[in-house]
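Participant: Here it is, the structure in full.
The values are calculated or read from the model by the stated rules, or taken from the named source; none is laboratory data. These figures come from a predicted structure and were not determined experimentally. Positions of Cβ are generated from backbone atoms using ideal geometry, with glycine treated the same way; all protein chains shown enter the neighbour counts.
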Amino acid sequence: MNPIEPQFEPLDPVQIRAVTQEFEDRRYNRIAERLGAQRIPVTLAPAQPEQRYKLRSADELLHAKPIAWRVKGVLPEQGIGAIFGPSGCGKSFLAIDLAMRIAKGGDWFGHKVKRYPVLYICLEGEAGLSVRVKAYSAVNGPIPRGIDFIDQPLNLLSSTDVRDLVAVITDRAVPHGVVIIDTLNRATPGADENSSVDMGQAVAAAKAVQTAIGGMVLLVHHTGKDASKGLRGHSSLHAALDAAIEVTRAGDSREWSVAKSKDGADGLGHQFKLEVVDLGLDGDGDVITSCVVKAGPAGLKVKPLTAPQQVGMHAFTEAALHNAPTPDDQRVRASLDEWREAFYRRSVATPENKQRAFHRARTDLLALGKVREVDGFFVLVNEPEEPSGFDGFPDLT
């Protein structure tokens, strides 16, 4: 295959004559200046059109302004982001808490926050939106003046809906603000989330809104059946994001972490709990309740155990059941042989590989601090107590 030859537009004869005339005038004046003759006016050629591509030197890049953050290390000042997690993890409560903090400014889980106007579009649980806002106000004080809400249907796949949304944002004067859409699924009715075409249209619509406000669009979205695979739907969504916050839940433990940040640090996790707020009685005399986010300790996100490690832990628990605690020893314990036999019964590895698999699982669990070796036994390591002021998590779905 022959290489593609670059194609150039033919030169404009008029422009050639103008450039030539300017050159001749300047050359005449240089000669006239040397001979003491009178100079003539220079006929300037028309200005060249501005170049489409701009070349930047390494020095210019070294002195360029650093990235501007909306939430330091979490959300950039401009772009498209997402808050995602499985149902019942508390992502909508976290999104409301984040929206309030951006509208007010200050600090969010230890991250500096710049104050900007916020539009929160609630498309799931619209009836409970006012209750959630009341709960936030009851615990945190007055609602910031810089936040507005929409609880009407929105279809990002409809050019009319997108145009009307941009119009109301423009009328409200929300420059460089944040638009939170909760949830992406409800904002794309009838769409196939696994389709590159449908997801591409949704991303394009979000980008159109983001461009119109010059700020950030934040999409609240679900994970798939396998939460470890991240955002539900076509991979083009994750690729289009400038930032993503993942919300996880293990039993009563909730945590959010930076799942994607183009110029920040991924993986930093923050525990939080949902605190139940009593808002009085309804017309039937029943108690009205909602929840607010309460921050817990921060730290590096703890990765879940791998499948072989889980087999190792289950095998250890099974082996320990045969060792009833005594008044002098309440520890959950098992001998090496007991643990190995239980592991072999559970392992699906081939007979020749079970020994290697057990050795690796045991080594990993010891390194992770799940178990420890004491007096010829392996003993379960108790989980550390929660820090003062962090009094556990209610079972909320």
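Participant: Quick one: what pairs do we get from region 317-333, first residue assigned by TED's automatic domain parsing to the domain that holds LEU365, second at pLDDT 85 or above and assigned to a loop (DSSP other than H, G, I, E, B), C-beta under 9 Å, 6+ apart or different chains?
Facilitator: Going by the 9 Å Cβ cut-off, the qualifying pairs are ALA319/SER335; ASN323/SER335.
Participant: Quick one: in region 53-69, which of the residues that are under 31 Å from the mean Cα position of the chain (by Cα) and not in a loop (DSSP other than H, G, I, E, B) is surrounded by the most Cβ atoms within 10 Å (Cβ to Cβ)?
Facilitator: TRP69
Participant: Can I ask one more? If you check PRO6, PRO41, PRO66, which single one turns out to be farther than 30 Å from MET100 by Cα, modelled with pLDDT under 80 and not aromatic (Phe, Trp, Tyr)?
Facilitator: Unique residue meeting the criteria: PRO6.
Participant: Kindly establish whether SER290 is surrounded by 15 or more Cβ atoms within 10 Å (Cβ to Cβ), at pLDDT 85 or above, closer than 30 Å to GLY110 by Cα and among the small types (Gly, Ala, Ser).
Facilitator: Answer is yes for this residue.
Participant: Suppose we filter VAL209, VAL179, VAL168, VAL203 for residues that are surrounded by fewer than 16 Cβ atoms within 10 Å (Cβ to Cβ), β-branched (Val, Ile, Thr) and under 25 Å from GLU77 (Cα atoms); which single one remains?
Facilitator: VAL168
Participant: Ok, one more. Please go through region 359-380 and give me each residue that is at pLDDT below 85, loosely packed, with under 14 Cβ neighbours inside 10 Å and farther than 12 Å from SER335 by Cα, ordered by number.
Facilitator: Correct list: ALA367, GLY369.
Participant: ALA173 versus (1) within 27 Å of ALA204 (Cβ to Cβ); (2) modelled with pLDDT of 95 or more: which is the lone unmet condition?
Facilitator: Checking ALA173 against (1) within 27 Å of ALA204 (Cβ to Cβ); (2) modelled with pLDDT of 95 or more, the one that fails is (2).
Participant: Could you tell me whether region 208-221 includes any residue that is over 15 Å from the mean Cα position of the chain (by Cα), at pLDDT below 90, more than 27 Å from PRO66 (Cβ to Cβ) and in the same structural domain as VAL118 (by TED's automatic domain parsing)?
Facilitator: No, every residue in region 208-221 fails to be over 15 Å from the mean Cα position of the chain (by Cα), at pLDDT below 90, more than 27 Å from PRO66 (Cβ to Cβ) and in the same structural domain as VAL118 (by TED's automatic domain parsing).
Participant: While we're looking at this one, here's another question. Tally time: how many residues in region 86-123 are part of a loop (DSSP other than H, G, I, E, B), surrounded by 14 or more Cβ atoms within 10 Å (Cβ to Cβ) and in contact with a Ser or Thr (Cβ under 9 Å, 6 or more places away or on another chain)? Please lay out each step first, then the result.
Facilitator: Residues of region 86-123 part of a loop (DSSP other than H, G, I, E, B): 86-90, 105, 109-110, 114-117, 123.
Among the residues that remain, those that are also surrounded by 14 or more Cβ atoms within 10 Å (Cβ to Cβ) are: 86, 89-90, 105, 109, 114-117, 123.
Now drop any that are not in contact with a Ser or Thr (Cβ under 9 Å, 6 or more places away or on another chain), which leaves 86, 89, 123.
Selection size over region 86-123: 3.
Participant: Please report, ordered by residue number, the helices (runs of 4 or more DSSP H) entirely within region 159-232 with at least 3 residues that are out of contact with any Lys or Arg (no Cβ under 7 Å at 6 or more places or on another chain) and small (Gly, Ala, Ser). Step through it out loud before you land on a result.
Facilitator: Numbers: elements: 159-172, 184-187, 196-213.
Fully inside region 159-232 and qualifying: 196-213.
Participant: State whether one or more residues within region 142-157 are at pLDDT 90 or above and assigned to a helix (DSSP H, G or I).
Facilitator: Within region 142-157, not a single residue is at pLDDT 90 or above and assigned to a helix (DSSP H, G or I).
Participant: TRP69 passes all but one of (1) farther than 23 Å from ARG172 by Cβ; (2) without any contact (Cβ under 8 Å) to a residue 40 or more places away in the chain; which number fails?
Facilitator: For TRP69, the exception is condition (2).
Participant: Which residues, taken from region 314-345, are at pLDDT below 85 and among the small types (Gly, Ala, Ser)?
Facilitator: Once the filter is applied, which keeps residues that are at pLDDT below 85 and among the small types (Gly, Ala, Ser), region 314-345 yields only ALA324.
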